[in-house]
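Data first, discussion second: the structure below is written as structure tokens.
The values are calculated or read from the model by the stated rules, or taken from the named source; none is laboratory data. What you see is a predicted model; the values in this text were computed from it and never measured. Neighbour counts run over all protein chains shown; Cβ positions are idealised from the backbone, glycine included. The protein model used for the area step is the full one, side chains on, heavy atoms only, and it has no ligands, DNA or RNA in it. Shrake-Rupley method; radii C 1.70, N 1.55, O 1.52, S 1.80 Å.
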Amino acid sequence: MRKIETLAMILAGGQGSRLGKLTKEIAKPAVPFGGKYRIIDFALSNCVNSGIKNVGVVTQYQPRELNKHVGNGEAWGLNVHNGGATILQPYASVDGEKWFKGTANAIYQNSSFIDQHNPDYVLVLSGDHIYKMDYQKMLDFHKLKKAALTVGVIPVPIEEAPRFGIMNTDQTDRIIEFEEKPEKPKSNLASMGVYIFDWALLKKYLDEDQSKRRELEDFGKDVIPAYLGNGENIFAYAFTDYWKDVGTIESLWEANMEFLDPTHALNIRNSDWRIYSQNPSASPQFLTETSNVTDAMIVDGCYIAGDITHSILSHHVKVGKGSIVENSIVMSGVTIGENVTIKYAIIGDNAKIHDGAYLVGKEKEIMVVGYNEEIGGLTDDEK
Amino acid sequence: MMKNKISAILNLKEDDSKLLPLTEKRSISSLPFGCRYRLIDFPFTSLHSAAIDSAAFFIAGNGRSLHDHIRSGASWGLDSSIGGGLFPHTETAIREAVEMSKADQINSFYHDQIHYVIRSKSEYVVMMGTKMLCNIDINALLRYHQEKKADVTVVYKNMVQSSCNASEDETYLLFEGQATDRITNLVSFDKLEADKDKAPVNMDIAIMTSKKFVELATQAGKSKLRSETMLLFKDHLDEITVIGYEYTGYLKNINSIQSYFEANMDMLNEKNYNALLTRGNSIITKVKNGAPTFYSKDAKVKNAQFASDCLVEGEVENSLIFRKVTIAKDAKINHSIVMQGSQIGSGSSLEYVILDKGVKIGEGVHLKGTADNVKVIKKNTVVEPERGVKA
């Protein structure tokens with residue numbers, strides 16, 4: 001039987017309900033970021049750049065857009081011999097419908113897919129985070145420590161620790177306690193949702209649980225405590241570079257605005273650790289005689305006749321004469337008419353903003369226009 | 001044979017001598033154009049739009065630069081495992097020279113073309129090149145050809161006579177009479193009637209049935225003709241029905257540095273940009289992963305086009321900037337073309353200049369050409385202020 005060292009499983013089924021309109025019809029990992037990416041591109045690209053070419057993408061909530069985006073993984077170079085990206089969705093079977101009840105349950109329900117690959121290690125990732133990480137280094141650490149499980153952790157400011165799952169470790173990085181959102185945190189090492197499991201052991205736990213109380217639904221809440229209770233070796237692998245969970249409209253806006261900075265820690269222009277995405281065919285970006293573009297990121301297919309400052313414009317955005325776009329994110333296919341004012345806003349894919357519209361939010365109260373929404377223009381009576 | 005299936009023959013042995021040094025290591029077909037394209041993207045996109053999944057191309061040199069761009073042809077749907085594919089024929093110049101000297105033998109490039117067309121099981125063959133830059137709808141051409149029951153249909157564009165220059169390599173169509181589209185001759189510019197305001201320029205694009213193609217190519221091969229599209233039927237215009245199909249979109253003959261420069265600059269005119277690049281299906285090219293282009297707080301840009309992955313901190317006006325170009329603070333670029341990966345140092349200025357790929361312009365370097373004598377800097381040149389151009 002063919003054997004691989006590491007299989008990555010990206011959990012991409014989350015709704016991200018705090019992103020409001022932006023996740024009404026698409027899952028959080030499919031939310032556009034940084035002009036030409038979607039959030040899941042970071043995890044997928046990290047896999048490829050770490051030399052992992054077998055990836056399962058577990059989807060559940062509103063998966064259509066995400067499934068289309070990932071496809072066969074070609075955009076990430078995953079459509080290669082002995083590699084591939086596979087979309088894994090819940091399905092109905094003779095045992096009834098199998099909605100994934102939690103992170104661990106999603107892995108359990110895809111055991112047969114994992115067994116087909118026969119991996120030594122399963123790298124479990126979340127499709128929700130923006131970061132560049134070499135999983136190979138974490139795997140080396142896992143092997144060195146002879147761990148049963150290694151949890152990726154990121155130091156967070158201690159006052160923010162109560163928002164996270166916190167790992168308390170000893171001097172050898174061994175995790176001795178896990179606390180979900182502790183009121184009085186003992187450490188500041190937050191779980192990143194990145195796990196490396198020895199597959200044989202994890203499978204044993206999950207299989208045995210099925211014949212018992214079926215309570216291992218979530219890695220943080222159930223599996224880690226079960227491992228700790230049985231004295232398994234769990235280690236924390238500290239990651240200290242840029243990592244961002246864009247869980248809310250404000251944090252998504254903020255992460256995009258940070259991304260504009262050419263000295264940003266993600267260093268997106270570094271060709272040694274590229275972030276790959278689907279690249280639609282588009283004409284060059286056209287900045288006309290009347291345009292004024294500063295401190296902005298622009299993607300191909302854009303046609304700009306207005307003023308753009310401190311903003312990110314995705315593919316195929318049109319901005320008419322006399323319009324102002326400031327401190328905003330404009331997603332792909334958006335048409336902005338003439339003399340429109342947009343400040344502190346996120347404009348969803350394919351929205352239409354008609355002439356003279358005024359859309360001004362505040363730094364802590366970002367205005368959001370949903371996908372395909374239409375703002376301004378003639379009312380039905382005027383048509 | 002599959003009904004209405006079209007196969008394609010691309011003649012890419014085009015004369016590039018007036019495009020040197022840009023064509024030193026590449027053919028016209030792989031010339032970079034319009035910030036992110038190569039000229040081959042235009043005929044390939046036309047094939048793709050007409051659902052043509054099979055093409056054979058003939059190129060004089062080894063075609064390395066072209067192969068690097070097109071790879072499997074997947075970007076244009078030319079890698080189908082069922083009935084399609086991309087069939088390269090390289091070093092035709094050498095083979096042509098050798099085989100022309102042998103007697104009583106059909107030239108192998110005709111043999112290759114005939115072989116390809118028969119194997120493709122297509123009902124029709126379309127023949128095109130890359131130096132006549134256009135965005136043509138092949139399905140519309142086929143419908144016209146079928147409706148007119150012609151043996152061969154040739155594509156032309158009516159140019160305003162005063163705008164044409166009597167270039168040697170351009171041919172014009174003579175029609176049977178005012179009201180017909182039957183072609184009676186292919187002539188050079190000076191043979192056109194001077195009192196007419198329109199000049200129907202031949203675009204070197206023709207469509208015919210595979211059967212007719214095999215017949216004409218066999219004949220041409222025996223007569224030792226060079227393999228050019230028009231030579232297939234030029235001497236048979238009284239025996240077979242060859243008609244003209246008028247193209248009304250953007251057209252430019254890319255046969256010199258000057259016309260290459262003008263064609264790029266034409267894209268800064270919205271009408272041309274839309275007609276060539278976004279009409280119908282937008283032009284497909286090999287996509288690259290690059291970051292969005294960043295315009296800094298100091299950037300000053302007017303009437304310019306950019307590809308992705310650039311870092312713009314200087315001034316750019318009336319220019320086209322390809323992928324991965326960095327333009328430092330206080331650099332000024334005007335009326336210029338800057339190809340992929342070039343770096344423009346601070347305090348430098350470019351006016352009427354073409355920078356080939358990977359050129360480095362040092363701090364404070366000033367390069368200036370004129371509108372009718374554009375300065376070209378060769379690939380990977382480093383230009384330093386004191387020492388001038390260094391290869």
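Does region B:307-319 contain any residue that is open to solvent by 10 Å² or more (accessible area, probe 1.4 Å), at pLDDT 95 or above and of a type in the set (A, V, I, L, M, F, W, C)?
yes
Name every residue in region A:6-25 that is closer than 23 Å to A:Q109 by Cβ and touching a strand residue (DSSP E or B) at 6+ places or on another chain (Cβ under 9 Å), in order of residue number.
A:T6, A:L7, A:A8, A:M9, A:I10, A:L11, A:A12, A:G13, A:G14
Which of (1) acidic (D, E); (2) part of a loop (DSSP other than H, G, I, E, B); (3) over 30 Å from B:G280 (Cα atoms); (4) touching a residue at least 12 places away in the same chain (Cβ under 8 Å) does A:E215 not meet, given it meets every other one?
Looking at each condition in turn, A:E215 falls short on (4).
Can you list the strands (runs of 3 or more DSSP E) found entirely within region B:194-308 that contain at least 2 residues being away from chain A (no Cβ under 14 Å) and over 30 Å from A:P280 (Cβ atoms)?
Correct list: B:198-209, B:242-246.
Mind checking which residues of region B:24-39 are open to solvent by 10 Å² or more (accessible area, probe 1.4 Å) and assigned to a strand (DSSP E or B)? Spell out the reasoning first.
Narrowing region B:24-39 to residues open to solvent by 10 Å² or more (accessible area, probe 1.4 Å): B:24-27, B:36, B:38.
If the condition is that a residue be open to solvent by 10 Å² or more (accessible area, probe 1.4 Å) and assigned to a strand (DSSP E or B), then B:R38 is the only one that fits.
Kindly establish whether A:L313 is free of Cβ contacts under 8 Å to residues at least 40 places away in the same chain and within 9 Å of chain B (Cβ to nearest Cβ).
In short, no.
Return a yes/no flag: does region A:101-111 have any residue that is of a type in the set (K, R) and over 18 Å from the mean Cα position of the chain (by Cα).
Checking region A:101-111: at least one residue is of a type in the set (K, R) and over 18 Å from the mean Cα position of the chain (by Cα).
Looking at (1) open to solvent by less than 10 Å² (accessible area, probe 1.4 Å); (2) of a type outside the set (S, T, N, Q); (3) not in a strand (DSSP E or B), find the lone condition where A:R269 falls short.
Answer for A:R269: the failing condition is (1).
Kindly check whether there is at least one residue in region B:69-85 that is touching a Lys or Arg at 6+ places or on another chain (Cβ under 7 Å), among the hydroxyl-bearing types (S, T, Y) and outside any helix (DSSP H, G or I).
No, region B:69-85 contains no residue that is touching a Lys or Arg at 6+ places or on another chain (Cβ under 7 Å), among the hydroxyl-bearing types (S, T, Y) and outside any helix (DSSP H, G or I).
Counting only residues that are among the charged types (D, E, K, R) and more than 16 Å from the chain's Cα centre (by Cα), which one in region B:235-278 is modelled with the lowest pLDDT?
The first filter runs over region B:235-278 and keeps only residues among the charged types (D, E, K, R), leaving B:235, B:238-239, B:246, B:252, B:262, B:266, B:270-271.
After this cut, where a residue has to be more than 16 Å from the chain's Cα centre (by Cα) as well, the list is B:235, B:238-239, B:246, B:270-271.
On the way: B:D235: 89, B:D238: 92, B:E239: 94, B:E246: 96, B:E270: 94, B:K271: 95.
Only one residue fits best here, namely B:D235.
Scan region A:69-82 for residues that are open to solvent by 30 Å² or more (accessible area, probe 1.4 Å) and either more than 21 Å from A:I130 (Cα to Cα) or not in a loop (DSSP other than H, G, I, E, B) (or both) and jot them down.
The answer is A:N72, A:E74, A:N79, A:V80, A:H81, A:N82.
For region A:3-31: of the residues being in a helix (DSSP H, G or I) and not small (G, A, S), which is farthest from the chain's Cα centre (by Cα)?
Taking the candidates together, the pick is A:K21.
Counting just the residues of region A:272-307 that are open to solvent by 10 Å² or more (accessible area, probe 1.4 Å) and aromatic (F, W, Y), which one comes out farthest from the other protein chains (Cβ to nearest Cβ)?
A:W273
Please give the strands (runs of 3 or more DSSP E) falling wholly within region A:308-383 in which 1 or more residues are of a type in the set (V, I, T), surrounded by fewer than 16 Cβ atoms within 10 Å (Cβ to Cβ) and modelled with pLDDT of 95 or more.
Hits in region A:308-383: A:358-360.
What about B:K149, is it free of Cβ contacts under 8 Å to residues at least 12 places away in the same chain and closer than 24 Å to B:D235 by Cα?
Details: free of Cβ contacts under 8 Å to residues at least 12 places away in the same chain: no; closer than 24 Å to B:D235 by Cα: yes.
So B:K149 does not fit the description; no.
Cβ-Cβ distance below 9 Å, separation of 6 or more or different chains: which pairs start in region B:84-99 with a residue that is of a type in the set (K, R) and end on one that is not in a helix (DSSP H, G or I)?
Once the first residue is of a type in the set (K, R) and sits in region B:84-99, its partners that are not in a helix (DSSP H, G or I) give B:R95/B:H89; B:R95/B:N107.
Let's see how each residue does on (1) modelled with pLDDT of 90 or more; (2) touching a helix residue (DSSP H, G or I) at 6+ places or on another chain (Cβ under 6 Å); (3) closer than 20 Å to A:I196 by Cβ; (4) surrounded by fewer than 17 Cβ atoms within 10 Å (Cβ to Cβ):
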residue	(1), (2), (3), (4)
A:Q89	no, no, no, yes
A:A92	no, no, no, yes
A:P119	yes, yes, yes, no
A:H129	yes, no, yes, no
A:F141	yes, no, yes, no
A:L144	yes, no, yes, yes
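What is the residue count in region A:32-48 for residues that are assigned to a helix (DSSP H, G or I) and open to solvent by 10 Å² or more (accessible area, probe 1.4 Å)?
1
Quick one: would you say A:I154 is among the aliphatic types (A, V, I, L, M), under 26 Å from A:D272 (Cβ atoms) and open to solvent by less than 30 Å² (accessible area, probe 1.4 Å)?
The answer is yes for A:I154.
If B:P32 satisfies every condition in (1) touching a residue at least 60 places away in the same chain (Cβ under 8 Å); (2) away from every other protein chain (no Cβ under 14 Å) but one, which is the exception?
(2)
Out of B:L19, B:L47, report the one residue that is more than 14 Å from chain A (Cβ to nearest Cβ) and surrounded by fewer than 24 Cβ atoms within 10 Å (Cβ to Cβ).
It is B:L19.
Quick one: how many residues across region A:49-68 are in a helix (DSSP H, G or I) and surrounded by 23 or more Cβ atoms within 10 Å (Cβ to Cβ)? Let's see the steps before the verdict.
Initial filter on region A:49-68 (in a helix (DSSP H, G or I)): A:49, A:64-68.
Next, only the ones that are surrounded by 23 or more Cβ atoms within 10 Å (Cβ to Cβ) stay: A:66.
The qualifying residues number 1.
Need the failing condition index for B:D15 against (1) more than 24 Å from B:V117 (Cα to Cα); (2) at pLDDT 95 or above; (3) within 13 Å of the chain's Cα centre (by Cα), just the number.
(2)
Open to solvent by 20 Å² or more (accessible area, probe 1.4 Å), in contact with a strand residue (DSSP E or B) (Cβ under 7 Å, 6 or more places away or on another chain), on the phi < 0 side of the Ramachandran plot and among the hydroxyl-bearing types (S, T, Y): is that true of B:T381 in this structure?
For B:T381, the condition - open to solvent by 20 Å² or more (accessible area, probe 1.4 Å), in contact with a strand residue (DSSP E or B) (Cβ under 7 Å, 6 or more places away or on another chain), on the phi < 0 side of the Ramachandran plot and among the hydroxyl-bearing types (S, T, Y) - is not met.
Conditions tested, residue by residue: (1) charged (D, E, K, R); (2) over 18 Å from B:L12 (Cβ atoms).
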position	(1), (2)
B:S72	no, no
B:S75	no, no
B:S80	no, yes
B:G84	no, yes
B:F87	no, no
B:T92	no, no
B:E96	yes, no
B:E99	yes, yes
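Just one of (1) touching a strand residue (DSSP E or B) at 6+ places or on another chain (Cβ under 6 Å); (2) part of a loop (DSSP other than H, G, I, E, B) trips up A:D261, so point out which.
Every listed condition holds for A:D261 apart from (1).
Give the residues of region B:321-338 that are closer than 25 Å to B:H67 by Cβ and either assigned to a loop (DSSP other than H, G, I, E, B) or at the interface with chain A (Cβ under 9 Å from one of its Cβ atoms) (or both), sorted by residue number.
B:F322, B:R323, B:K324, B:V325
Test A:G247 against the stated conditions and say whether it is on the phi > 0 side of the Ramachandran plot, part of a loop (DSSP other than H, G, I, E, B) and either more than 8 Å from chain B (Cβ to nearest Cβ) or β-branched (V, I, T) (or both).
no
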